[in-house]
């Protein structure tokens, strides 16, 4: 590592530690406004992210939004992300006694009450609204989570984020061997949390789903765990409200045939989320490269950054063959477990 990078990392660490001390002193509205201001500045200055965001919007929605409307959505997306990060720092003052003043919990108790949690519980969310606050609300509501977090580019920041995220009984783990750790947690009757809209690396397993009219590659960890453990799979997301409060929206647990494939489970999860994106597009993280790969032959319009990937072609070809022996075997095993 170069001395210049070391110095930059150290300065970033110092700034973050100062922010951890100062941001909780703000009022909720002031913290919300601070995040909005930071997001507005970032949207204006972060050229690379803006380029990706505009490309994503054009690919996903075509001519539905004009350039001015796209710019507004991009700005809202930056503001949304910045507010989520500021809220993570500010939420140090939230506790069991006051969290109901900060959160609306929509259907959480109703949807979870009737579930058999003896095999654990799988909660699935995505980069919409405030995914950090979703975890916080779950912990305060009595559902401590095993959270898989991607390591920060600056390794000095990881302990800070871990400290903030591990309140109220949560446990944070890195992506290495995460699936094994989550499997063991479910076997112990615990609750795990998964972000379902991360694009995997080329060396990682994936499934292809339809996302806003385009094929995209996503993790199927939630589907794999659901099929191997029988743990209920509950989609949820957390919206940001105008006054800085948060609304945790819990969807009904997925009810799928025992023979459903991992791709079908992942698709069912995304289908629960896509309507939220269409209703409030500024709430999603458009600066992220959601469509890193595309089929080599397609009539759909993908972002310019999307690259052809032969592995995706082969995956789609195999998925279109329902009579494959391996798939039949999985279905027989699933039916045996359910029957």
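Values quoted throughout were computed directly from the atomic coordinates according to the rules given, and no laboratory measurement underlies them. Since this is a predicted model, take the numbers as computed values, not measurements. Reconstructed Cβ throughout: ideal geometry from the backbone, glycine too, with neighbour counts over all protein chains shown.
Taking other C-beta atoms within 10 Å as the exposure proxy, 130, 197, 313, 299 rank 299, 313, 197, 130 from fewest upward. Measuring between their Cα centroids, region 257-290 and region 163-189 lie 23 Å from each other.
For residue 16 and residue 98, a Förster radius of 30 Å and the Cβ-Cβ distance give a FRET efficiency of 0.75, rounded to the nearest 0.05. Largest first and in whole Å, the equivalent-ellipsoid semi-axes of the chain read 32, 26, 20, each the square root of five times a Cα gyration tensor eigenvalue.
Estimated at 0.36 nm per residue, the fully extended path between residue 2 and residue 187 surpasses their Cα-Cα distance by 62.2 nm. Gap in Å between the Cα centre of region 1-53 and the Cα centre of region 116-133? Value for the Cα centre distance between the two parts: 26 Å.
Shown is the FRET efficiency for residue 204 and residue 27, computed with R0 = 45 Å from the Cβ-Cβ distance and rounded to the nearest 0.05: 0.60. One quarter of the surface of the convex hull around the alpha-carbon atoms of region 36-146 equals 9.5 nm², the direction-averaged projected area. Annotation: peptides 99-105, 122-128, ranked by per-residue average of other Cβ atoms within 10 Å with the highest first, follow the order 122-128, 99-105.
For the peptides 218-226, 14-22, 143-151, 26-34, the ranking by mean Cβ contacts within 10 Å, running from highest to lowest, is 218-226, 143-151, 26-34, 14-22. Just checking the listed ones, 165, 75, 175: in the Gaussian network model of the chain with Cα springs under 10 Å, the one fluctuating most is 175. Bridges between two residues of the chain, per DSSP, are antiparallel at a rate of about 35%.
In this structure, residue 66 and residue 271 have a Cβ-Cβ separation that, at R0 = 35 Å, corresponds to a calculated FRET efficiency of about 0.80.
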